[in-house]
C-alpha cells in the first residue's frame with residue numbers, strides 16, 4: 001500500500017499503487033511469503049534523514065544521527081552513492097521510496113523490497129531477535145527508547161552531557177554482544193552462578209560434612225564475590241551485558257568507583273537491545289541483499305516487470321548496483337544464490353539421468369549429450385512465450401495454469417501482455433524460469449565432477465528406471481532450485497552461507513582472489529587465487545560483523561577488581577591506537593582500570609628494509625601483550641603465557657585483512 005498525504009508527492013504515490021500491488025502478487029506466485037509492506041514516497045532530504053536513522057522516523061537524541069545525515073548528504077551530492085530506498089525489519093515493513101526516482105527505479109526497488117520483506121519474515125536469525133513476540137514491533141520499540149532517553153536528556157537533575165558521554169561509550173562497544181544467542185533467551189551470569197552454587201551445595205550434602213567445615217569452604221563472602229562477577233570460568237562474549245551487570249562509574253570527587261545511577265543502567269540496556277535488534281541485518285547482509293537482488297532481477301528482467309520503455313533504465317540501475325567497488329554484498333550474494341539454485345537443479349537433473357538405462361557415474365560425461373539435455377529442459381513454448389494471443393491454447397486444467405486468472409484474462413479483465421505471470425501457477429513459473437535452461441548456465445550441468453557423480457550414484461538402487469533421456473527429463477522437478485534456496489534462506493547467516501557454498505567450483509568459475517597489505521611494497525596486492533584462501537578471508541570478513549572478537553575474561557583481574565578483556569586473536573592484529581581509545585570508553589562503563597589482552601606483530605627495521613630491497617614479505621614476530629588503562633594513561637605489559645593461549649582463536653591463521661576489519 002502506498003502512503004502519502006502531501007500534494008507534491010501524491011501523484012507519484014498514485015502511479016505506484018498498481019506496481020506495488022502487482023509486485024506483491026508476483027512475489028507470492030514465486031513462492032515468497034513476505035511481511036505486508038507499507039510504501040511511503042519521501043523527498044530527497046527526508047530520505048537522507050531516514051538513512052541516518054537506520055530506516056526509522058524516531059531515534060534517541062544523539063549527535064551520531066547528524067553525523068550520519070551529513071555523510072549521506074555528501075555522498076549523494078558528490079555522486080558517491082545514491083539511495084533508491086530503505087526498508088526496515090518490522091511487521092508490517094515500512095519501505096521509503098525517493099520521490100525523484102524514475103518509474104523504472106521505483107519498480108526495481110519495490111520488487112527488491114518484497115524480497116527483503118520475505119527474508120525478514122522467514123530467516124531464523126531475524127526470528128531469534130524478535131523477542132518474546134512472534135513478530136517484531138521495531139518501530140514501537142525504538143520510539144519508546146527514544147522517548148525514554150529523551151526524558152533523561154531533558155531531566156534538569158541529569159546533565160545532558162553525561163547522557164551523551166554514556167551513549168558514546170556504549171556505542172563504542174555496541175557490537176560486543178553474543179550474536180549467536182537471542183536476547184530473550186539470555187539468562188545472565190546470576191542464573192548461571194546460582195546453578196553452580198546449587199551444584200556445589202548438593203555435592204557437599206553428599207559428603208556429609210559438618211556445618212563448621214561447610215562454612216569454612218563455602219561462606220557467604222565467597223557467594224557474594226561470585227555474584228559480583230569477580231571471576232569468569234568461561235569468557236563472556238556479550239561484553240556489553242557484562243558491563244551492564246557489573247560495571248560502575250568513576251566518581252572524580254570521591255576518587256573511586258561508585259554504583260551507577262538507575263538511568264545509566266536503563267540507557268545501557270536500551271542500547272544493548274537495539275544492538276541485538278540490528279544484529280541479524282549485519283549477520284545476513286550478503287544473503288539478504290543477494291536474495292533481494294535475485295528476485296528483483298527475476299521480476300524486473302525475466303518477467304519484464306519493467307516495461308519496454310523502462311528496461312534500459314532498469315538495466316543501468318542494476319549494473320551500477322552490482323558493479324560498485326569493494327566487497328559488494330549485492331553482487332557476491334546474487335552470485336552465491338545463483339550457484340545454490342544451479343547446484344540444486346543440477347542435482348535434480350543428474351539424479352534423473354543416472355537412472356537412465358546405460359548411464360552410470362563412470363560413463364556420464366561420455367554418453368550424455370548435453371546439448372540435447374539442454375534442449376529438452378527448455379520450458380514449454382506456450383509457457384515460455386505466453387501472450388494475450390496464446391491464451392486460447394492454454395488448458396485451465398493444466399497444473400501450470402491459474403484457471404481463475406486465465407478466465408479473467410480471456411474476459412479482458414487482466415492485461416496478460418503486461419503481466420503474463422498472472423495466469424501461471426508456481427509450477428508454471430518454476431518451469432518458465434528453470435535456471436539450467438538459460439543460455440548463461442548451459443555449461444553448468446557438464447561441469448559436474450566424477451566425485452560428485454559417484455556420491456550421487458552410491459545409494460541409487462533404482463538406477464534403470466527410465467528407458468531414455470527424454471522420459472527421465474520429463475520427470476524433472478523444475479522447482480528443486482527455488483525450494484533449496486528457500487531452505488537455505490531460512491536457516492543460514494553470512495558466515496555459514498559462505499562456508500557451505502563458496503566451493504572450489506564457485507571460486508574458479510567466478511575468478512575470485514584475495515588481496516593483502518604488503519609491508520615490503522607498502523600497499524595492497526593480489527595474494528592468492530586458492531579457493532581455501534578466498535573462503536578463509538571472506539569468513540574472517542563476516543565473522544562477528546567483520547569486527548575483532550572481544551570477550552570479557554575476568555572481572556577481578558589480578559584480584560584488584562580490574563576488567564580483563566581478551567581479543568580472540570586469529571592472525572589479524574588490532575589497530576592499537578583505536579584499541580587504546582576504546583579502553584578509555586570502556587573505563588567509563590567499568591569505573592575501574594581495564595585491560596585488553598591481544599597479540600601484535602612487530603617488524604625489525606633492518607628486516608623491513610632488506611625485504612623491500614629483495615621484493616619479499618618480512619617475517620614479523622608475534623608478541624602477546626596486555627594494554628591497561630587506569631583512567632589517566634595506557635600502559636603496555638607482557639601477557640602471561642596462559643592468557644596468550646586462552647585468547648588464541650582456533651583454526652584461523654590467515655594474516656591479512658583490509659582496513660575495514662580493524663577496530
Quiz item: Consider residue 254 against the criteria (1) assigned to a loop (DSSP other than H, G, I, E, B); (2) surrounded by 16 or more Cβ atoms within 10 Å (Cβ to Cβ); (3) at pLDDT 90 or above: it satisfies all of them except one. Which criterion is unmet?
Solution: (2)
Exercise. Could you figure out which of (1) assigned to a loop (DSSP other than H, G, I, E, B); (2) touching a strand residue (DSSP E or B) at 6+ places or on another chain (Cβ under 9 Å); (3) surrounded by 19 or more Cβ atoms within 10 Å (Cβ to Cβ) isn't true of residue 463?
Key: (3)
Quiz item: Taking the condition modelled with pLDDT under 90 and on the phi < 0 side of the Ramachandran plot, does residue 510 pass?
Solution: yes
Quiz prompt | Unmet criterion (only one of (1) in a helix (DSSP H, G or I); (2) at pLDDT below 90; (3) surrounded by fewer than 21 Cβ atoms within 10 Å (Cβ to Cβ)) for residue 327 | solution = (1)
Practice problem: Read through the list (1) closer than 24 Å to residue 430 by Cβ; (2) in contact (Cβ under 8 Å) with a residue 12 or more places away in the chain, then give the number of the only condition that residue 21 fails. | Solution: (2)
Quiz item: Which condition does residue 609 not pass, out of (1) part of a helix (DSSP H, G or I); (2) modelled with pLDDT of 95 or more, if it passes all the others?
Solution: (2)
Practice problem: Check off (1) outside any helix (DSSP H, G or I); (2) modelled with pLDDT of 90 or more for residue 180 and give me the number that stays unchecked. | Solution: (2)
Self-check item: Residue that is surrounded by fewer than 19 Cβ atoms within 10 Å (Cβ to Cβ) and at pLDDT 90 or above, where the choices are 33, 64, 6
Solution: 33
Quiz item: Which one is nearest to residue 459 (Cα to Cα) among residues in the stretch 345-358 that are surrounded by 19 or more Cβ atoms within 10 Å (Cβ to Cβ) and out of contact with any strand residue (DSSP E or B) (no Cβ under 9 Å at 6 or more places or on another chain)?
Solution: 354
Practice problem: Consider residue 339 carefully, then state whether it is in contact (Cβ under 8 Å) with a residue 40 or more places away in the chain, part of a helix (DSSP H, G or I) and closer than 19 Å to residue 495 by Cα. | Solution: yes
Quiz item: Under the condition of being surrounded by 17 or more Cβ atoms within 10 Å (Cβ to Cβ), touching a helix residue (DSSP H, G or I) at 6+ places or on another chain (Cβ under 6 Å) and modelled with pLDDT under 90, which residue from the stretch 85-102 is farthest from residue 150 (Cα to Cα)?
Solution: 99
Quiz item: For residue 120, all conditions in the list (1) at pLDDT 55 or above; (2) under 30 Å from residue 94 (Cβ atoms); (3) not in a helix (DSSP H, G or I) hold save one; what is the number of the exception?
Solution: (3)
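Rundown of residues vs (1) in the same structural domain as residue 548 (by TED's automatic domain parsing); (2) at pLDDT below 95; (3) touching a helix residue (DSSP H, G or I) at 6+ places or on another chain (Cβ under 6 Å); (4) surrounded by fewer than 20 Cβ atoms within 10 Å (Cβ to Cβ), yes/no style:
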{"position": "559", "(1), (2), (3), (4)": "yes, yes, no, yes"}
{"position": "574", "(1), (2), (3), (4)": "yes, yes, no, no"}
{"position": "605", "(1), (2), (3), (4)": "yes, yes, no, yes"}
{"position": "614", "(1), (2), (3), (4)": "yes, yes, no, yes"}
{"position": "626", "(1), (2), (3), (4)": "yes, no, no, no"}
{"position": "645", "(1), (2), (3), (4)": "yes, yes, no, yes"}
{"position": "654", "(1), (2), (3), (4)": "yes, yes, yes, yes"}
Quiz item: Scanning the stretch 396-442 for residues that are in contact (Cβ under 8 Å) with a residue 12 or more places away in the chain and within 20 Å of residue 506 (Cα to Cα), which turns out surrounded by the most Cβ atoms within 10 Å (Cβ to Cβ)?
Solution: 434
Quiz item: Within the set of pairs 6+ apart or on separate chains, which have a first residue in the stretch 357-369 that is assigned by TED's automatic domain parsing to the domain that holds residue 463, a second that is surrounded by 19 or more Cβ atoms within 10 Å (Cβ to Cβ) and assigned to a loop (DSSP other than H, G, I, E, B), and C-beta atoms under 6 Å apart?
Solution: 367/359
Practice problem: Just need a number here: residues in the stretch 39-49 that are surrounded by fewer than 16 Cβ atoms within 10 Å (Cβ to Cβ) and outside any helix (DSSP H, G or I). | Solution: 1
Quiz item: Does the stretch 528-542 contain any residue that is in a strand (DSSP E or B), over 13 Å from residue 336 (Cβ atoms), touching a strand residue (DSSP E or B) at 6+ places or on another chain (Cβ under 8 Å) and modelled with pLDDT under 80?
Solution: yes
Quiz item: Yes or no: residue 123 surrounded by 18 or more Cβ atoms within 10 Å (Cβ to Cβ), free of Cβ contacts under 8 Å to residues at least 24 places away in the same chain and over 15 Å from residue 36 (Cα atoms)?
Solution: no
Quiz item: Does residue 309 satisfy the condition of being farther than 25 Å from residue 489 by Cβ, part of a loop (DSSP other than H, G, I, E, B) and modelled with pLDDT under 90?
Solution: yes
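The values are calculated or read from the model by the stated rules, or taken from the named source; none is laboratory data. Note that this is a predicted model, so its numbers are computed, not measured. In this analysis, Cβ positions are derived from the backbone assuming ideal geometry, glycine residues included, and neighbour counts consider all displayed protein chains.
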